[in-house]
1. Out of the residues in region 13-65 meeting the condition of being among the charged types (D, E, K, R) and within 10 Å of Pro3 (Cβ to Cβ), tell me which one is modelled with the lowest pLDDT.
2. One residue is enough: does region 51-58 have a residue meeting the conditions assigned to a helix (DSSP H, G or I) and surrounded by 11 or more Cβ atoms within 10 Å (Cβ to Cβ)?
3. Step by step: first the residues of region 5-29, then only those that are touching a residue at least 40 places away in the same chain (Cβ under 8 Å) and over 14 Å from Lys47 (Cα atoms), then the one that is least open to solvent (accessible area, probe 1.4 Å). Which residue is that?
4. Cβ-Cβ distance below 7 Å, separation of 6 or more or different chains: which pairs start in region 54-65 with a residue that is free of Cβ contacts under 8 Å to residues at least 24 places away in the same chain and over 20 Å from Glu14 (Cβ atoms) and end on one that is open to solvent by 80 Å² or more (accessible area, probe 1.4 Å) and among the hydroxyl-bearing types (Ser, Thr, Tyr)?
5. Which of the residues spanning region 25-40 are among the small types (Gly, Ala, Ser) and part of a helix (DSSP H, G or I)?
6. When region 30-50 is examined, which residues are found to be under 15 Å from Gln8 (Cα atoms), over 12 Å from the mean Cα position of the chain (by Cα) and surrounded by 10 or more Cβ atoms within 10 Å (Cβ to Cβ)?
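The values are calculated or read from the model by the stated rules, or taken from the named source; none is laboratory data. Small disclaimer: the values here were computed from a predicted structure and weren't measured. Ideal geometry is used to build each Cβ from the backbone, glycine not excepted, and the neighbour counts take in all protein chains shown. Each accessible area value is taken on the protein alone, full model and side chains, heavy atoms only, with ligands, DNA and RNA left out. Shrake-Rupley method; radii C 1.70, N 1.55, O 1.52, S 1.80 Å.
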Amino acid sequence: MNPDEAAQAHLDLEAANSVAMHFGTFQMTVEGIDEPARALGEACREKNIPPSRFVVPGFGASVRL
């Protein structure tokens, strides 16, 4: 699922909160390793999803919901 699809899924599922994962671990493409997180932030802004509703944890971070 790409960042735009993830933001749309958040809306379609009427999720209270979402957590981004499985990105930035390995450099597998020519895009910047931080590009997926940046693109997700942009997609969320375009779809009016508050940053507090779609968490992008740092590497190794824990998230409490």
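1. From region 13-65, those among the charged types (D, E, K, R) are 14, 31, 34-35, 38, 42, 45-47, 53, 64; that's our starting set.
With within 10 Å of Pro3 (Cβ to Cβ) added as a condition, the list becomes 35, 38, 42.
Working: Glu35: 91, Arg38: 95, Glu42: 98.
The selected residue is Glu35.
2. yes
3. Of everything passing the filter in region 5-29, Val19 is least open to solvent (accessible area, probe 1.4 Å).
4. Here the result reads none, with nothing in region 54-65 linked to a residue that is open to solvent by 80 Å² or more (accessible area, probe 1.4 Å) and among the hydroxyl-bearing types (Ser, Thr, Tyr).
5. Filtering region 25-40 for residues among the small types (Gly, Ala, Ser) gives 32, 37, 39.
Answer for region 25-40, where residues must be among the small types (Gly, Ala, Ser) and part of a helix (DSSP H, G or I): Ala37, Ala39.
6. Glu46, Lys47 - these are the residues of region 30-50 that are under 15 Å from Gln8 (Cα atoms), over 12 Å from the mean Cα position of the chain (by Cα) and surrounded by 10 or more Cβ atoms within 10 Å (Cβ to Cβ).
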